[in-house]
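One structure is given here, and the rest of the page talks about it.
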Amino acid sequence: MLAHALASDVKLEIIETCYRGHAADAASHAAEDGFDLVIAHGGDGTVNEVVNGVLRGGPRPDKPMIGVVPGGSANVFAGALGIPRDPVEATHVLLQSIEHGTRRRIGLGQVFADVIEGDKSRWFTFNAGMGLDADVVAGVEKKRAKGRNASPALYLSVAVRAYAQNVRKPQHFTVEVPGEPPFDDVGMVFVSNTDPWTYFGDRAIQLNPSTSFDGGLGLSALKTLRVPTVGRYIAQVLATGNPKGGNLVRRDDVGYVRVKCEEPANLQVDGDFLGTTTAVEFRAVPDALTVAV
């Protein structure tokens with residue numbers, strides 16, 4: 001039905017993905033073939049692949065515009081852009097955008113690490129992290145590989161186990177941002193490209209509410225993962241969406257975030273587990289992508 005609605009207004013070529021990275025390859029070929037618009041219908045992982053495929057070789061004015069029709073469980077990128085999470089409503093918005101030529105140029109995050117294949121870089125649209133959040137993403141991927149459905153309950157149960165593991169064996173990160181001395185012995189690192197950071201069901205989780213697609217990256221890092229600190233942080237996130245505190249390193253508009261650690265730690269971008277590494281740079285890239293909205 002969605003394809004029929006889109007095909008009524010545009011010349012449409014449909015590709016059903018069948019392997020990890022297929023959406024990125026298809027989007028890259030579309031860009032090379034001169035397509036004006038590439039539509040991602042799926043969850044945030046599919047959107048991330050499409051964005052990375054379109055931007056292979058770097059951002060350029062002749063790159064296709066991206067359209068998004070949500071089809072996953074969270075759809076954070078669509079929600080941050082104000083695109084309805086219902087696919088039928090989102091298709092209507094997309095058709096209106098095509099008809100009226102409305103679009104938005106947005107900034108993206110780019111992560112550089114040796115664990116990433118190819119040119120060692122990967123674009124991300126809404127969040128990335130090293131440590132605890134990546135531990136959760138890795139744990140959920142393992143559960144899904146065994147047939148479990150992604151759900152708030154699954155994420156919560158995996159997060160509790162990952163946190164307990166971090167308490168038993170803390171991770172130690174050194175974090176650098178522009179114009180400041182390094183922050184040593186940090187316990188976890190969250191990086192945002194926009195707000196919200198993610199959704200828990202229908203509830204928006206806000207870590208850096210001043211971060212947007214029009215500015216730099218947001219950093220939210222806790223110096224310790226002791227229960228009182230983490231409990232206070234979670235309470236603030238749920239109550240106000242504007243966390244503060246002496247054990248919180250928070251910056252809302254930075255050009256880069258560099259993270260190092262002695263022991264390999266998990267890395268994730270847009271909810272996709274990339275592997276383990278000891279050094280990462282997250283970089284803000286303004287005006288990197290055009291989106292139909």
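Since every read-out is calculated from the coordinates, none of them should be taken as a lab result. The structure presented is a predicted model; accordingly, all values stated were derived computationally and were not measured. Neighbour counts are summed over all protein chains in view; Cβ atoms, including those assigned to glycine, are modelled from backbone coordinates with ideal geometry.
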| field | the chain: DSSP helices with Cα axial extent of at least 18 Å and average Kyte-Doolittle hydropathy no lower than -1.0 | value | 87-100, 132-145, 152-168
| Just how far, in whole angstrom, is the range 145-186 from the range 36-89 if you go by their alpha carbon centroids? | 26 Å
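If packing is taken as the mean number of other Cβ atoms within 10 Å per residue, what is the order of 210-220, 145-155, 130-140, highest first?
Details: 210-220: 22.4, 145-155: 12.2, 130-140: 24.1.
Final packing ranking: 130-140, 210-220, 145-155.
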| note | Taking a crude spin-label model, label points 7 Å out from Cα along the C-beta direction, the Thr276 to Asp33 distance in nm is 4.1 nm
| For the chain: relative contact order, % (alpha-carbon pairs under 8 angstrom, 6 or more apart) | 22 percent
| Packing-wise, with mean Cβ within 10 Å as the measure, how do 103-114, 243-254 rank, highest first? | 103-114, 243-254
| said: Suppose the chain between Glu141 and Arg258 were pulled fully straight at 0.36 nm per residue; how much longer would it get relative to their current alpha carbon spacing? | reply: 39.6 nm
| request: Report Rg (one decimal) and Dmax (nearest whole number) for the range 118-274, counting Cα atoms only, units Å. | output: 14.9, 46
| field | Quotient of C-alpha Rg and 2.2 N^0.38 Å, computed over the chain | value | 0.99
| Gaussian network model of the chain, springs between alpha carbon atoms under 10 Å - residue of Val237, Val76, Val175 with greatest fluctuation | Val237
| Measuring from label point to label point, each 7 Å out along Cα→Cβ, what is the Ser151 to Glu176 span in nm? | 4.5 nm
| Where Lys and Arg each count +1 and Asp and Glu each count -1, what net charge lies around Arg226 among other residues with Cβ under 15 Å from its Cβ? | +3
| message | Can you tell me which of Arg56, Arg258, Arg161 moves the most in a GNM of the chain? Springs connect C-alpha atoms under 10 Å apart. | response | Arg161
| remark: By the Cα gyration tensor axes a ≥ b ≥ c (a/c under 1.5 gives rounded; else a/b larger than b/c gives prolate, otherwise oblate), the shape of the range 71-203 is oblate
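So if each residue of separation counts as 0.36 nm, and I subtract the Cα-Cα distance between Ile15 and Asp62, what length gain in nm does that give?
Values: separation 47, 0.36 × 47 = 16.92 nm, distance 2.19 nm.
Difference between extended and current length: 14.7 nm.
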| remark: In this structure, the FRET efficiency calculated for Asn242 and Glu117 from their beta-carbon separation, with R0 = 30 Å, to the nearest 0.05, is 0.20
| Value at 222 nm in deg cm²/dmol, rounded to 500, when DSSP H runs of n ≥ 4 in the chain each add -39,500 (n - 2.57) | -9500 deg cm²/dmol
| message | My understanding is that a pair violates if its Cα-Cα distance is over 32 Å; which of Lys142/Lys260; Lys63/Lys244; Lys120/Lys244; Lys146/Lys169; Lys146/Lys244; Lys11/Lys143 do that in this structure? | response | Lys63/Lys244; Lys120/Lys244; Lys146/Lys244; Lys11/Lys143
